[in-house]
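Engineer: I am attaching a structure below and will ask some questions about it afterwards.
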Amino acid sequence: MFRTFRKIGILTSGGDAPGMNAAVRAVTRAALSCGVEVMGIYRGYSGLIDGDVKPLGLRDVSNILNRGGTILYSDRCPAFKTEEGMKKAVDTCRRLDIDGIVAIGGDGTFRGATDLTLRGVPCVGLPGTIDNDITSTDETIGFDTALNTVLDMVDRLRDTCESHARCNVVEVMGHHAGDIALQSALAVGATAAVIPEIPFSQDELYEKIRRNRKLGKRNFIVIVSEGMGPDYAPQLTQQIQQNTGVESKFARLAHVVRGGQPTLRDRVLATMMGEAAVDALFDGKSNLVVCLRHSGIVLTDISYALALDRMYKGLLSPGELDAFSPEHIAEMKKTCDERRAAMQKMYDALNRLGL
Ligand code: ADP
């Protein structure tokens, strides 16, 4: 062990995701197995500011591996972004002898983790979000469960669409990312997916529906990512009916996709990532996010992960890459290209195979 850890904290922050509990369990048990105490920090960074913290023993994390949500609860905490809030959070760590923190959440949570690390509380992040919108990891904790929930819901909609010869437009979560929409569309055999990353032709969709209706197809499923904006999917539903004559219904799955028991894949991912986070922290590493890359668990610097993310989303500001070597920048571009190519490939397959 690089430094003597007496006690670490664990928190879940930002949007919750199935599998967060599995990560809490893994982190807790991995730390306890090294003789290090664990403090559960409730309501994300809000709990750190307020001192809403309780010790977690081996048994406190029993029977949570299979539960959705997060036993530590989650919160969005604007106060944490202020110098005063940050100071209170650091004071809580000092007062309670918390030597390091594992923070489970998305990019906002990781920014907070960096701020704490800079103020002397080493942090490691775990990517917990259903949206799969963290570019440095191939998969986030919660994504697989969200996909399977969409699958179950849309399979049901398809049954009734088939009976009544209808179209159902289904809006799914994903924040600004189309991963849930695209992958679930492939898996349910949808006619189309509409996602923010790839331009979409409504006219081609109407034509596809008209053509296949003439050939006898009864049900049509169109999956829309919430990243298209709240009005897009309801309006598309009306347009499909007007332009094809096929009766069309709209369904917004919304937060139902956030809940439920984590799948096997999310439980395994959360468990392996949670253990890796503790090992990294106890090896003296910090300001890292644990990622899945090409089927292996790797550690990525948070500042690298955040810059990569902004590169992928086209949000880089001038000079933002100055701190990185040409090799790192080339590697980031390669990751972005790989991710875009994988998405395009799925999109093309959907258009080719989905009727
Ligand atoms: P997510 O982690 O899912 O992206 P948010 O963006 O809501 O969710 O971030 C979760 C929390 O992380 C915020 O409520 C805030 O407490 C903290 N946070 C977000 N951005 C920053 C930042 N720039 N600096 C410090 N803390 C931040």
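Engineer: Of all the accessible heavy-atom surface of the chain, with the other protein chains kept in place and a 1.4 Å probe, what percent is carbon and sulfur?
Structural biologist: 51
Engineer: Pop the C-beta distance of SER62 and SER201 into the FRET formula with R0 = 45 Å and round what comes out to the nearest 0.05.
Structural biologist: 0.30
Engineer: Ordered by packing density, taken as the mean number of other Cβ atoms within 10 Å over each peptide's residues, highest first, how do 297-307, 105-115 rank?
Structural biologist: Output ranking for 297-307, 105-115: 105-115, 297-307.
Engineer: Take the Cα of HIS164, step 7 Å along the line toward its Cβ, and report every residue of segment 229-255 whose backbone nitrogen sits under 13 Å from that point.
Structural biologist: Residues 247-251 qualify, since their backbone N sits under 13 Å from the label point.
Engineer: Treating the beta-carbon of each Lys and Arg as +1 and of each Asp and Glu as -1, no other charges, what is the dipole magnitude of segment 272-331 about its Cα centre, to the nearest 20 debye?
Structural biologist: Using only the charged Cβ atoms, the result is roughly 180 debye.
Engineer: Roughly how many whole Å is it from the C-alpha centroid of segment 244-290 to that of segment 150-201?
Structural biologist: Cα centres, segment 244-290 to segment 150-201: 20 Å.
Engineer: While we're here: In nanometres, what is the gap between the two model label sites at GLN242 and ALA254, each 7 Å from Cα along Cα-to-Cβ?
Structural biologist: It is 2.5 nm.
Engineer: Classify the chain as rounded, prolate or oblate, taking a ≥ b ≥ c as the square roots of the eigenvalues of its Cα gyration tensor: rounded when a/c is under 1.5, otherwise prolate if a/b is larger than b/c and oblate if not.
Structural biologist: Verdict is prolate for the chain.
Engineer: Find which of PRO234, GLY142, CYS161 sits farthest along the positive direction of the dipole of the chain, computed with +1 on the beta-carbon of Lys and Arg, -1 on that of Asp and Glu, about the Cα centre.
Structural biologist: CYS161
Engineer: Rounded, prolate or oblate for segment 46-168? Axes are the square roots of the Cα gyration tensor eigenvalues, ordered a ≥ b ≥ c, and the cut-off for rounded is a/c under 1.5.
Structural biologist: Here segment 46-168 falls in the prolate category.
Engineer: Right, another one. Calculate the length of the line joining the C-alpha centroid of segment 51-75 to that of segment 1-49, in whole Å.
Structural biologist: Cα centres, segment 51-75 to segment 1-49: 9 Å.
Engineer: Here's another thing I want to ask about it. Of PRO122, VAL90, SER62, which is farthest towards the positive pole of segment 1-125's charge dipole, taken about the Cα centre with +1 and -1 on the beta-carbons of Lys, Arg and Asp, Glu respectively?
Structural biologist: So the residue we want is SER62.
Engineer: Hey, got the dipole for segment 213-355? About the Cα centre, +1 on K and R Cβ, -1 on D and E Cβ, debye to the nearest 20?
Structural biologist: Result for segment 213-355 is approximately 1100 debye, rounded to the nearest 20.
Engineer: Between their Cα atoms, which of LYS285/LYS333; LYS7/LYS54; LYS313/LYS333 are more than 19 Å away from each other?
Structural biologist: LYS285/LYS333
Engineer: Moving to a separate point now. Select from segment 1-62 those chymotrypsin sites (Phe, Trp or Tyr not before Pro) which occupy a DSSP coil region and have at most 16 other Cβ atoms within 10 Å, ordered by residue number.
Structural biologist: PHE2
Engineer: Give the cross-link partners of LYS214 among the lysines, using a straight C-alpha distance below 25 Å as the criterion and excluding same-chain residues fewer than 8 apart.
Structural biologist: Leaving aside lysines fewer than 8 places away in the same chain, those within reach of LYS214 are LYS249.
Engineer: With +1 on each Lys and Arg Cβ and -1 on each Asp and Glu Cβ, how big is the dipole of segment 1-107 about its Cα centre, in debye rounded to the nearest 20?
Structural biologist: Value, rounded to 20: 260 debye.
Engineer: May I pose another question? Name the residues of segment 33-61 whose amide N is less than 14 Å from a point 7 angstrom out from the Cα of ARG6 along the C-beta direction?
Structural biologist: 36-39
Engineer: Rounded, prolate or oblate: pick one for segment 210-355, where a ≥ b ≥ c are the square roots of the eigenvalues of its C-alpha gyration tensor, a/c under 1.5 means rounded, and failing that, prolate if a/b is larger than b/c, else oblate.
Structural biologist: Because a/c hits 1.5 or more and a/b exceeds b/c, segment 210-355 counts as prolate.
Engineer: Can you give me the angle between helix 107-118 and the longest principal axis of the chain, using Cα atoms only, in degrees from 0 to 90, rounded to the nearest 10?
Structural biologist: Taking the Cα atoms of the chain, the angle to 107-118 is about 20 degrees.
The values are calculated or read from the model by the stated rules, or taken from the named source; none is laboratory data. Computed from a predicted structure; not experimentally measured. Please note: Cβ atoms are built from the backbone with ideal geometry, for glycine as well, and neighbour counts cover all protein chains shown. Quick note on the areas: whole protein, heavy atoms, side chains included, nothing else; ligands and nucleic acids left out. Shrake-Rupley method; radii C 1.70, N 1.55, O 1.52, S 1.80 Å.
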